[in-house]
1. Could you check the stretch 7-32 and list, in sequence order, the residues that are β-branched (Val, Ile, Thr) and at pLDDT 95 or above?
2. Give the stretch 109-135 a look and list any residue that's out of contact with any helix residue (DSSP H, G or I) (no Cβ under 7 Å at 6 or more places or on another chain) and in contact (Cβ under 8 Å) with a residue 24 or more places away in the chain, or say none.
3. Does any residue of the stretch 151-165 turn out to be under 16 Å from the mean Cα position of the chain (by Cα), buried (at least 18 other Cβ atoms within 10 Å of the Cβ) and farther than 16 Å from Ala23 by Cα?
4. Among all residue pairs at least 6 apart or on different chains, which show Cβ distances below 8 Å where the first residue, located in the stretch 136-161, is under 30 Å from Pro181 (Cβ atoms) and the second is in a helix (DSSP H, G or I) and β-branched (Val, Ile, Thr)?
5. Go through Pro195, Pro171, Pro126 for me and flag whichever is out of contact with any His (no Cβ under 8 Å at 6 or more places or on another chain), farther than 19 Å from Asn87 by Cα, modelled with pLDDT of 95 or more and open to solvent by 40 Å² or more (accessible area, probe 1.4 Å).
6. Given the residues Val101, Val206, Val176, Val108, which is the only one that is within 18 Å of the chain's Cα centre (by Cα), among the β-branched types (Val, Ile, Thr) and assigned to a helix (DSSP H, G or I)?
7. Hey, can you tell me all the residues within the stretch 35-49 that are crowded, with 17+ Cβ neighbours inside 10 Å, modelled with pLDDT under 95 and assigned to a loop (DSSP other than H, G, I, E, B)?
Amino acid sequence: VPRCSLGRSRRNMIIVAMARSGATKICMDLAEKNNLQFVGELTATNLYDSTRYRKDKDHETNFEIAFDPELWTKIINRDPSLCILANHAKQYTLLKDADYVILRKNYVNCLLSFAEYRVRNVRNTPLTQEYLSHFRIFIYLMLDSFVGIATYCLNNDKKIIWYEDYFPNMPTEYKVARGQPRIMEIIDSEIRRFPHAKGLMKDLLVKYNV
């Protein structure tokens, strides 16, 4: 795990990532290595129990995210003792200040991993139209994130940590997600809305000698 020394006395450590790229675990390791407090994902939904993500119950890391107003203020004010993960919509607006970017070598696997994660947690629940509509929005936002991150990284030099290098033995078949035709139909249709994403991925791999 690299040690970062990019103006830590001036601001917090910021990690920009596409969702489902292994960023939570990587950030936990980065924070420990650099003697920082990892606070989790930068989203106001984690301020209240009624909306916060319960990663302590269903995420691979079991990392619990819970902000209070005091911690939220420290995050926004860039407290230098904190490590922040920006992996939600429009996170690419923080790329200029990002210490690291975390991506997969195939962005589609982020989508499949998200689908697997969601389907696994509702395996015995019917996939209602409302659920599928919400799922489509998330897939769209993930693709939008990838395009924004990739475009910036192609035109600016950033330190990228690749999921496959950090987790070399992690399986990526995503059989549960692939076994859901309605889920796969949504993923395929949203990918078609971003036909340029494939070329961006290819160019990224070339630029960063992956």
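The values are calculated or read from the model by the stated rules, or taken from the named source; none is laboratory data. This is a predicted model, so every value here is computed, not measured. Every residue, glycine as well, gets a Cβ built from its backbone with ideal geometry; the counts of neighbours run over all protein chains shown. The accessibility values were calculated without ligands, DNA or RNA, using every heavy atom of the protein model including side chains. Shrake-Rupley method; radii C 1.70, N 1.55, O 1.52, S 1.80 Å.
1. Ile14, Ile15, Val16, Ile26
2. Passing the criteria: Asn109, Ser113, Tyr117, Arg123.
3. Within the stretch 151-165 (the criterion being under 16 Å from the mean Cα position of the chain (by Cα), buried (at least 18 other Cβ atoms within 10 Å of the Cβ) and farther than 16 Å from Ala23 by Cα), the answer is yes, since at least one residue qualifies.
4. Qualifying pairs under 8 Å: Arg136/Ile186; Ile139/Ile186; Ile139/Ile187; Leu143/Ile191.
5. Within the list Pro195, Pro171, Pro126, the selection yields Pro195.
6. After ruling out the rest, the residue left standing is Val108.
7. Leu42, Thr43
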